[in-house]
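Undergrad: If you scroll down you'll find the structure; I have some questions about it.
The values are calculated or read from the model by the stated rules, or taken from the named source; none is laboratory data. All of these numbers come straight from a predicted model, not from anything done at the bench. Cβ placement follows ideal geometry from the backbone for every residue including glycine, while neighbour counts extend to all protein chains displayed.
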Amino acid sequence: MIELHGLTKRYGEKTAVDDLTFRVRPGVVTGFLGPNGAGKSTTMRMMLGLDNPTGGDVRIDGKRYDQLHEPLNYIGALLEAKAVHGGRTAYNHLLCMAQSNGIPRRRIDEVLDLVGLTGVAKKRPKGFSLGMGQRLGIAAALLGDPKILMFDEPVNGLDPEGIHWIRNLMKQLADEGRTVFVSSHLMSEMALTADHLVVIGQGKLMADTSMADFIAENSRTYVRIRTPQPEALRDALGGEGLTPTPVADGSLEVEGADAARIGELAARRQVVLHELSPQRASLEEAFMRLTAESVEYHAHTTSGTSGAADASGAAPPDGGEAAGSEAGAWGSGWKKGD
Ligand SMILES: Nc1ncnc2c1ncn2[C@@H]1O[C@H](COP(=O)(O)OP(=O)(O)O)[C@@H](O)[C@H]1O
Ligand SMILES: [Mg+2]
């Protein structure tokens, strides 16, 4: 269990982490979600005692990080930046860490095997691909067989096979009863990985909820309609208290009735429909709406909630799991504004 209480970090005028209070529990994967610059890495560094809080504190099983004896046996972490000594072999990199934490040598072979790097154990990480570097970082995190694991944006830059592997590993670690805390700026990634969700925006806590509740609360359903007779449709639906709302792509959106009911009401007035399709707003959209006010780096073509509307247009109706929507809404759309 990790407990944050009023955790705050200021860099000069800038408040990077703003009074965060939440718990990360064992046995589940807790996703730590926020747009770029939200304060995720800073929070994680403070959890690991690598950065001093301006206020508040972090407890790991009731203790501060610096009170942990041989900390790798309590908590293992993969941080965002690759902190591997390029000139040392993968094996020796792990050996150094093991020796300073009282970890037996055989554990090195175990973790290398676990992450699939046995074949390159005697190679130097400077020649490793990004995916292999991530695997080595994960091997290091697992070295002390810790009860608590923390991963900062572990899937960044990985190929689909690597992403799939990391997701399964995190679930497996949680199933073993460990505390697993993983950050991402991608809602679609969290939706596939996390059981619990902590969302931050500009250093502040925006949500602390189960993934299932987040999905239930934020999956807005509506029906998309295209018609050459929008006025006639408005009349047909108006009698039932339904209001079609025009959106930018020329379609209309209706909430409050299913597609079958809307189709019947239109047929009754002989309104021609070119499209009648049930939709569910993507979780990406819900996340963007939640953090829109607090986003530091705005999209350069749109801003605030209109950006969210664009993302929902690009996302599939099943909750935005397509890689395309990630690349569109997040990869290129979010630009550093300073
Ligand atoms: N060492 C630092 N000095 C000054 N500002 C920093 C430092 N580290 C992070 N920040 C700022 O704190 C904010 C949060 O950064 P970070 O924790 O890296 O966010 P995230 O990991 O969510 O993308 C950003 O505005 C970033 O520029
Ligand atoms: Mg970060």
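Undergrad: Pull up segment 1-22, narrow it to residues that are surrounded by fewer than 15 Cβ atoms within 10 Å (Cβ to Cβ) and hydroxyl-bearing (S, T, Y), then point me to the one that is nearest to ligand 2 (Cβ to nearest atom).
TA: In this case the residue turns out to be Y11.
Undergrad: Is one or more of the residues making up segment 169-179 within 16 Å of ligand 1 (Cβ to nearest atom) and either surrounded by fewer than 22 Cβ atoms within 10 Å (Cβ to Cβ) or not β-branched (V, I, T) (or both)? If you could, list the steps in order and put the result at the bottom.
TA: Within segment 169-179, the first condition is being within 16 Å of ligand 1 (Cβ to nearest atom), and the residues that meet it are none.
Scanning segment 169-179 turns up no residue that is within 16 Å of ligand 1 (Cβ to nearest atom) and either surrounded by fewer than 22 Cβ atoms within 10 Å (Cβ to Cβ) or not β-branched (V, I, T) (or both).
Undergrad: Which residues, taken from segment 43-57, are touching a Phe, Trp or Tyr at 6+ places or on another chain (Cβ under 7 Å) and more than 16 Å from ligand 2 (Cβ to nearest atom)?
TA: G49
Undergrad: A further question on this structure: Within segment 23-42, track down each residue that is farther than 15 Å from M190 by Cβ and more than 9 Å from ligand 2 (Cβ to nearest atom). Give the derivation first.
TA: Just the residues of segment 23-42 that are farther than 15 Å from M190 by Cβ, to begin with: 23, 25-27, 37, 39, 41-42.
Selection gives R23, R25, P26, G27.
Undergrad: Test L149 against the criterion of being more than 16 Å from A77 (Cα to Cα) and buried (at least 21 other Cβ atoms within 10 Å of the Cβ), and give yes or no. Talk me through it step by step, then tell me what you get.
TA: Working: more than 16 Å from A77 (Cα to Cα): no; buried (at least 21 other Cβ atoms within 10 Å of the Cβ): yes.
No; evaluated as a whole, the condition is false for this residue.
Here's the yes/no breakdown for (1) touching a His at 6+ places or on another chain (Cβ under 8 Å); (2) more than 16 Å from ligand 1 (Cβ to nearest atom):
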{"site": "L33", "(1), (2)": "yes, no"}
{"site": "M47", "(1), (2)": "no, no"}
{"site": "L50", "(1), (2)": "no, no"}
{"site": "R59", "(1), (2)": "yes, yes"}
{"site": "Q67", "(1), (2)": "no, yes"}
{"site": "A77", "(1), (2)": "no, no"}
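Undergrad: If you check L186 against the conditions, is it in the same structural domain as T54 (by TED's automatic domain parsing), buried (at least 21 other Cβ atoms within 10 Å of the Cβ), at pLDDT 95 or above and within 30 Å of H164 (Cβ to Cβ)?
TA: On the way: in the same structural domain as T54 (by TED's automatic domain parsing): yes; buried (at least 21 other Cβ atoms within 10 Å of the Cβ): yes; at pLDDT 95 or above: no; within 30 Å of H164 (Cβ to Cβ): yes.
When the stated conditions are applied, L186 does not pass them.
Undergrad: Further, regarding this structure: Given the condition buried (at least 17 other Cβ atoms within 10 Å of the Cβ), of a type in the set (D, E, K, R) and more than 19 Å from L186 (Cβ to Cβ), answer yes or no: does some residue in segment 224-233 qualify?
TA: Our first condition is that a residue be buried (at least 17 other Cβ atoms within 10 Å of the Cβ); within segment 224-233, this holds for 224-225, 227, 233.
Right, trim to of a type in the set (D, E, K, R) and you get 224.
So of that shortlist, the ones also more than 19 Å from L186 (Cβ to Cβ) come out as 224.
Yes - at least one qualifying residue is present in segment 224-233.
Undergrad: Can you tell me which residue among G127, G119, G87, G157 is small (G, A, S), within 16 Å of ligand 1 (Cβ to nearest atom), surrounded by fewer than 21 Cβ atoms within 10 Å (Cβ to Cβ) and more than 17 Å from M47 (Cα to Cα)? Lay out the reasoning, then the answer.
TA: Values: G127 fails: within 16 Å of ligand 1 (Cβ to nearest atom); G119 fails: within 16 Å of ligand 1 (Cβ to nearest atom); G87 fails: within 16 Å of ligand 1 (Cβ to nearest atom).
Result of the check over G127, G119, G87, G157: G157.
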